[in-house]
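The values are calculated or read from the model by the stated rules, or taken from the named source; none is laboratory data. No experiment lies behind these values; they were computed from the predicted model shown. When we count neighbours, we look across all protein chains shown, and the Cβ atoms used for this are built from the backbone with ideal geometry, even at glycine.
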Amino acid sequence: MTDLNGAVAALLSARKGEGRPAALPEGSVPQSWEEAYAIQDEVARRLGPVKGWKVGAVTPEAEPFRGAIHAETIFEGETTLTATTFIGPGFNVIGVEAELCYRFARDLPPRETPYTEEEVAAAIGSVHAAIEAVDTRYRDWNGTDRLSQVADQMNHGVLVVGEGRPDWAAIDPPNLPVTLRIDGEPAAEGIGGNSAGHPMRMLVWMANVGAHSLGGLRAGTLVTTGSTTGTIFVEPGCRVEAHFPDVGTAVLQLV
């Protein structure tokens, strides 16, 4: 039987600056998505209130995957972070991504009857430009198996939520241009770009499956719906801007 508590302890120790493991301890490596999510959820409970989620999918038809995000790593508006001192040992790596992030205005608690797309849509309050900075608690980026990465908050670092609009349904995400700038220069740009396709499918999945183990989606919850630009690795001392026309811009300054 997998030692889930051993995995939780190792990940929390890394977050406290007590050393980054090359991998989870022997006997603690999750053997299924259920075990990986159980580890992720317990780490999230220990870190404080869950105020957001990241969700994505490999293709528009694939089963989505998710990561819980606690309040300490969510920032609103133009944000400046000191990369070497942020949360415990600081960033290990900094991979920035431009994403669309949705804020829910109504609770969607767990229930037996699945929520319809119309019900989920009615609960959304706004859409925002966002930057997720991905990171890892392990020694090396992508140095561990996929399920261990799921256990480690799906490689979440921080989420910066920028400008947005309440009439979120007026935008067409698969055809929405996006530009990710580093120090004012385009590092990635395109149209759409999310491997999961339209975000609505993932938001419905979050309401019906993804968020159940931690109490469902609550009013104020943020759900960021996957990279539209791929991951661009950066170093401290740069300014990152994610711009979506007709939605807005998110800004992260790393010092």
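Please state which one of 169, 188 is over 22 Å from residue 71 (Cα atoms), touching a Gly at 6+ places or on another chain (Cβ under 9 Å), of a type in the set (A, V, I, L, M) and in contact (Cβ under 8 Å) with a residue 40 or more places away in the chain.
On the way: 169 fails: touching a Gly at 6+ places or on another chain (Cβ under 9 Å).
Only one candidate qualifies: 188.
Check 100, 24, 12 and return the single one that is assigned to a loop (DSSP other than H, G, I, E, B) and touching a residue at least 24 places away in the same chain (Cβ under 8 Å). Walk me through it before giving the result.
On the way: 100 fails: assigned to a loop (DSSP other than H, G, I, E, B); 12 fails: assigned to a loop (DSSP other than H, G, I, E, B).
Just a single option satisfies the conditions, and that option is 24.
Look through region 225-240, keep the residues that are within 16 Å of residue 135 (Cα to Cα) and not aliphatic (A, V, I, L, M), and return whichever of them is nearest to the chain's Cα centre (by Cα).
Step by step, filter region 225-240, then rank; the result is 226.
As an exercise: evaluate residue 48 against (1) over 15 Å from the mean Cα position of the chain (by Cα); (2) modelled with pLDDT of 95 or more and give the number of the one condition it does not meet.
(2)
Select from region 175-187 the residues that are in a strand (DSSP E or B) and not polar (S, T, N, Q) and write down the one among them that is farthest from residue 102 (Cα to Cα).
Filtering first and then ranking leaves 185.
What number of residues in region 128-174 are assigned to a helix (DSSP H, G or I) and either at pLDDT below 95 or basic (Lys, Arg) (or both)? Spell out how you get there, then give the answer.
Going residue by residue through region 128-174, those that are assigned to a helix (DSSP H, G or I) are 146-151, 153-155, 168-170, 173-174.
Next, only the ones that are either at pLDDT below 95 or basic (Lys, Arg) (or both) stay: 146.
Number of matching residues: 1.
Select, from 79, 2, 116, 73, the only residue that is more than 20 Å from the chain's Cα centre (by Cα) and crowded, with 16+ Cβ neighbours inside 10 Å. Reasoning before the result, please.
Numbers: 79 fails: more than 20 Å from the chain's Cα centre (by Cα); 116 fails: crowded, with 16+ Cβ neighbours inside 10 Å; 73 fails: more than 20 Å from the chain's Cα centre (by Cα).
Result of the check over 79, 2, 116, 73: 2.
Which residues, counting only those in region 67-97, are assigned to a strand (DSSP E or B), at pLDDT below 95 and within 16 Å of residue 153 (Cβ to Cβ)?
Listed by number, the list holds a single entry, 70.
Looking only at region 51-66, which residues are within 24 Å of residue 16 (Cα to Cα) and either of a type in the set (Phe, Trp, Tyr) or at pLDDT below 95 (or both)? Lay out the reasoning, then the answer.
Going residue by residue through region 51-66, those that are within 24 Å of residue 16 (Cα to Cα) are 51-54, 66.
Matches in region 51-66: 53 only.
Have a look at 242, 250 and point out the one that is at pLDDT 95 or above, touching a His at 6+ places or on another chain (Cβ under 9 Å), outside any loop (DSSP other than H, G, I, E, B) and buried (at least 16 other Cβ atoms within 10 Å of the Cβ). Let's see the steps before the verdict.
Numbers: 242 fails: touching a His at 6+ places or on another chain (Cβ under 9 Å).
Going through 242, 250 in turn, the sole match is 250.
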